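Have a look at the structure below before the remarks.
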Amino acid sequence: MAKERKFDFAPLPLPEVQEEPAVAITPASTAEVIDGAPTKVTFDCDFVLMENMKDYGYWEGLTQKDIIIESLKLYFQDKEIRPRPDKIRNRTKVGRKPKSALV
């Protein structure tokens, strides 16, 4: 005869949701904000940094995307960002066409 097992599950702690402060749009960042569509990014990263991010995200309930975006926000918080020259900004892009342009 099998024993009846009773399991008590404690609710998982939810990360505190903090309201993001309003971001002032400067002329340097206007072009990126107007489109508003997310952009996929691929880059090489040091293995140890990636493992640290995965471990931290696991225990804090965060995705890698959340961690990277928050890190970038903190990095650029006190930086002055100048726009790229129009010649560089408007050059044709190499690679696949965006999904919205395929229709």
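The values are calculated or read from the model by the stated rules, or taken from the named source; none is laboratory data. It should be emphasised that the depicted structure is a prediction, and the values quoted were computed from it without experimental measurement. Here the Cβ is made from the backbone with ideal geometry for all residues, glycine too, and neighbour counts use every protein chain on show. Please note that ligands, DNA and RNA were not included when accessible areas were found on the heavy atoms of the full protein model with its side chains. Shrake-Rupley method; radii C 1.70, N 1.55, O 1.52, S 1.80 Å.
For the range 70-98, which positions are within 16 Å of Val41 (Cβ to Cβ) and open to solvent by 80 Å² or more (accessible area, probe 1.4 Å)?
Taking the range 70-98 as the starting set, the residues that turn out to be within 16 Å of Val41 (Cβ to Cβ) are 70-73, 75-76, 93-96, 98.
Listed by number, the residues that qualify are Glu70, Leu72, Lys73, Tyr75, Phe76, Lys93, Val94, Arg96, Pro98.
Hey, could you check the range 55-69 for residues that are without any contact (Cβ under 8 Å) to a residue 12 or more places away in the chain and more than 28 Å from Arg96 (Cβ to Cβ) and say which is least open to solvent (accessible area, probe 1.4 Å)? Give the derivation first.
Quick first cut of the range 55-69, residues without any contact (Cβ under 8 Å) to a residue 12 or more places away in the chain only: 55-59, 63-66, 69.
Those left that are additionally more than 28 Å from Arg96 (Cβ to Cβ): 55-59.
Details: Asp55: 83, Tyr56: 123, Gly57: 7, Tyr58: 163, Trp59: 196 Å².
The extreme case among them is Gly57.
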Q: Answer yes if at least one residue in the range 32-52 is within 13 Å of the chain's Cα centre (by Cα), farther than 29 Å from Lys97 by Cα, at pLDDT 75 or above and surrounded by 10 or more Cβ atoms within 10 Å (Cβ to Cβ), and no otherwise.
A: no
